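Worksheet for the structure shown next.
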Amino acid sequence: MVTALALSAMTTNSSSAADVKTITDGMLLVGSDQVYPPYDYVEAGVTKGFDADVMAVIAPKLGVEVKFIDTRFASLIPGLQANRFDMIASALYVTPARAQVVDYIAYAKTGGSLMVRADNSFAPKTPEELCGKRVANLKGAAWVPELQKVSQEKCGSNPIDVKEFATSAEAAQALLSRGADVVFDDAGVSKAGVIASGDRLKITSTEILFPVVMGLAVKKGNDALLSQLKEAFEPLKSSEAYKSILGKYNLDLPSDAEVAAALTEAK
């Protein structure tokens, strides 16, 4: 599925469409997993959510239109490397491994939450409480190796059964159908999942788990587009418009130290 968000170029743009080198002239193709509310989703044929709101304020600065290319999360970076799109805007977590193949512009920070069925007395607050449990996750998510590390270091002969699903909705459905005991997902996604379930699910963690930085991503070596995106985004970071977008989704900007930590192997 491909959906588009058309944004008219402004005459006062610092860059013109002719200056921005993209796969399709005058258009910025953006890879996005559009089954990941509240960050990325489709409503009445239109891409909505956090990333759509972010691109809506960045794209006019570049003087281009934006077309979102709906792509499952695990295929986003391979799609970028294969030149299916110019960049990724899909709540992509910053990790050292990913930074080997993409260049990031850090634009928000979030973290994980634990979610169980509302009728379940099991109410885990930390990953260490998941030993012996079936934990549903989004396939390719950055916290999967973190959970596996907890399992190896803390669970002994009673490991965490880490289950991966193509979408967050499928992970939540596995929980509702008792195919999983817990869902570990992004805090914002978990909040949206509780609402979507009609309160059949509940969040049991009380703190953000494995805090992470999110980044817009371009293919390693695409320095021209990276520079233009940075030029467009930098003045927006302190604007009221961007602060309003972050507040709408319960997010915040990461500090320089948090970005540096996200790019460091020994975390």
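The values are calculated or read from the model by the stated rules, or taken from the named source; none is laboratory data. This one's a predicted model, so the numbers in the text were calculated from it and none came from an experiment. Note that we place each Cβ from the backbone using ideal geometry, even for glycine, and neighbour counts take in every protein chain shown.
A compact table of results
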read-out: Pair list, Cβ < 9 Å and 6+ apart or interchain, from the stretch 192-210 residues that are within 18 Å of Asn250 (Cα to Cα) to residues that are β-branched (Val, Ile, Thr) and surrounded by fewer than 16 Cβ atoms within 10 Å (Cβ to Cβ); value: Ser205/Thr126; Glu207/Thr126; Leu209/Thr126
read-out: Yes/no for Ile203 being of a type in the set (A, V, I, L, M), surrounded by fewer than 17 Cβ atoms within 10 Å (Cβ to Cβ), under 23 Å from Phe50 (Cβ atoms) and touching a Gly at 6+ places or on another chain (Cβ under 9 Å); value: no
read-out: Checking Lys202 against (1) within 30 Å of Leu175 (Cβ to Cβ); (2) more than 19 Å from the chain's Cα centre (by Cα); (3) assigned by TED's automatic domain parsing to the domain that holds Val101, the condition it does not meet; value: (3)
read-out: Test: Gly193 is in contact with a Leu (Cβ under 7 Å, 6 or more places away or on another chain) and not assigned by TED's automatic domain parsing to the domain that holds Gly140; value: no
read-out: So Leu229, is it under 19 Å from the mean Cα position of the chain (by Cα), part of a helix (DSSP H, G or I) and either without any contact (Cβ under 8 Å) to a residue 40 or more places away in the chain or farther than 14 Å from Met214 by Cα (or both); value: yes
read-out: Condition broken by Ser177, with the remaining ones in (1) touching a residue at least 12 places away in the same chain (Cβ under 8 Å); (2) surrounded by fewer than 17 Cβ atoms within 10 Å (Cβ to Cβ); (3) outside the structural domain of Gly63 (by TED's automatic domain parsing) satisfied; value: (1)
read-out: Unmet requirement for Gly132, which otherwise passes all of (1) surrounded by 15 or more Cβ atoms within 10 Å (Cβ to Cβ); (2) in a loop (DSSP other than H, G, I, E, B); value: (1)
read-out: Arg117 being surrounded by fewer than 16 Cβ atoms within 10 Å (Cβ to Cβ), modelled with pLDDT of 95 or more and in contact with a helix residue (DSSP H, G or I) (Cβ under 9 Å, 6 or more places away or on another chain); value: no
read-out: Hey, Asp33 at pLDDT 95 or above, surrounded by fewer than 24 Cβ atoms within 10 Å (Cβ to Cβ) and among the charged types (D, E, K, R) or not; value: no
read-out: The stretch 109-142: number of residues that are under 25 Å from the mean Cα position of the chain (by Cα) and either among the polar types (S, T, N, Q) or within 30 Å of Lys237 (Cβ to Cβ) (or both); value: 11
read-out: Qualifying position, being closer than 20 Å to Ala74 by Cβ, under 21 Å from the mean Cα position of the chain (by Cα), assigned by TED's automatic domain parsing to the domain that holds Gly247 and surrounded by 17 or more Cβ atoms within 10 Å (Cβ to Cβ), among Gly215, Gly188; value: Gly215
read-out: Of all residues in the stretch 98-114 being buried (at least 17 other Cβ atoms within 10 Å of the Cβ) and of a type in the set (A, V, I, L, M, F, W, C), the one that is nearest to Lys163 (Cα to Cα); value: Leu114
read-out: Qualifying residue in the stretch 236-245 (condition: among the β-branched types (Val, Ile, Thr) and part of a helix (DSSP H, G or I)); value: yes
read-out: The lone exception for Ala217 - which of (1) more than 16 Å from Tyr39 (Cα to Cα); (2) in a strand (DSSP E or B) it fails; value: (1)
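Condition check ((1) aromatic (Phe, Trp, Tyr); (2) within 30 Å of Thr24 (Cα to Cα); (3) at pLDDT 95 or above) across all residues:
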residue	(1), (2), (3)
Ala89	no, yes, yes
Lys109	no, no, no
Gly112	no, no, no
Glu129	no, no, yes
Lys133	no, no, yes
